[in-house]
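Asker: Sharing a structure here in structure tokens format.
Where a number appears in this text, it was derived from the coordinates with a stated rule and is not lab data. For clarity, every value in this text was computed on a predicted model and none was experimentally measured. Don't worry about glycine lacking a Cβ; one is built from the backbone with ideal geometry, like all the others, and counts go over all protein chains shown.
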């Protein structure tokens, strides 16, 4: 838990939009703009949800591995500040991105403990 997985970050940033355009394009070509927009939106949300689920499972596996080893693992850089943790002195793009990812996971699955 000492690094960011840039491959998955880039995939999460690009895959939903690309798939949305690929799904919507056939509808747009036949001048069915609303159907294309709906189909693209559904594809974007489906891919985004699948990638968030993958991230949740990966974090759960890492957490369980730490608990099985009898240690508490904290992500580096800090994932997101919570009430018991002090506010970071400087919010970097990495910590802001990780905070946003965890906020999405919490919004989808509830509090991860």
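Asker: For residues that are farther than 30 Å from residue 63 by Cβ and part of a helix (DSSP H, G or I), tally how many sit in the stretch 18-52.
Answerer: Counting residues in the stretch 18-52 that are farther than 30 Å from residue 63 by Cβ and part of a helix (DSSP H, G or I) gives 22.
Asker: In the stretch 1-11, how many residues are in a helix (DSSP H, G or I) and surrounded by 14 or more Cβ atoms within 10 Å (Cβ to Cβ)?
Answerer: Within the stretch 1-11, the subset in a helix (DSSP H, G or I) is 6-11.
After this cut, where a residue has to be surrounded by 14 or more Cβ atoms within 10 Å (Cβ to Cβ) as well, the list is 8-9, 11.
So the answer is 3.
Asker: What number goes with the only condition from (1) free of Cβ contacts under 8 Å to residues at least 12 places away in the same chain; (2) within 16 Å of the chain's Cα centre (by Cα); (3) surrounded by 12 or more Cβ atoms within 10 Å (Cβ to Cβ) that residue 14 does not pass?
Answerer: All conditions are met except number (3).
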